[in-house]
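Here the structure is laid out as structure tokens; the discussion comes afterwards.
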Amino acid sequence: MNPLRFLRAAGALMVLVGLARGAGGVALLARGGAADPAIKAGGAAVVAAAMSLLLLGALLVAAGVGVLRRKRAAWVIGAVGTVAFVLGGAVNGTVLYGRPGGGGTALNVLAAAAIIGGLLAGRSALADPDADLKN
């Protein structure tokens, strides 16, 4: 597979993960603790978790679009955002449920590994920042 395909796959997966995080944030803001009966946290903790989901979701969507456009800065932001996605999932799981989720955390790590792998394999397909200067 050529590097551009890896880069596109990573960017698309980043957008999907970001949309899912954002949707989770909207659900938490709209329904609070009622969004999931297993949530043990109350008021302010639920709002804080929802806001972190919305922020991270927006960051991942923006970075994913940038990666699809082959932007170097988006590649870096996406890599950092992907690590934050895994760590944030563990923190939110602990805050909301009293422990990080087993299956959810494993799925987050798997998705992050696919994104990071695609970013690394596709790095050579990033746009040349000096391309306009060379023409």
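Data for the structure
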read-out: Karplus 3J(HN,Hα) series, Hz, for the range 15-25 with 6.51 cos²θ - 1.76 cosθ + 1.60 (x for Gly, Pro); value: 4, 4, 5, x, 5, 5, 4, x, 4, x, x
read-out: Descending Cα extents along the principal axes, the range 69-121, whole Å; value: 39, 17, 13
read-out: Size descriptor, Kirkwood hydrodynamic radius, that averages inverse alpha-carbon separations across the range 32-135, Å; value: 15.2
read-out: Under Karplus coefficients 6.51, -1.76 and 1.60, residue-wise ³J(HN,Hα) of the range 37-45 in Hz, glycine/proline x; value: x, 7, 5, 9, 7, x, x, 5, 5
read-out: Amide hydrogen neighbours beyond the local backbone of Gly122, cut-off 5 Å, H modeled; value: Leu7
read-out: Linear extension gain, Thr94 paired with Ala27, 0.36 nm per residue minus alpha-carbon span; value: 22.3 nm
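Since every read-out is calculated from the coordinates, none of them should be taken as a lab result. These numbers were taken from a predicted model, which means no experiment stands behind them.
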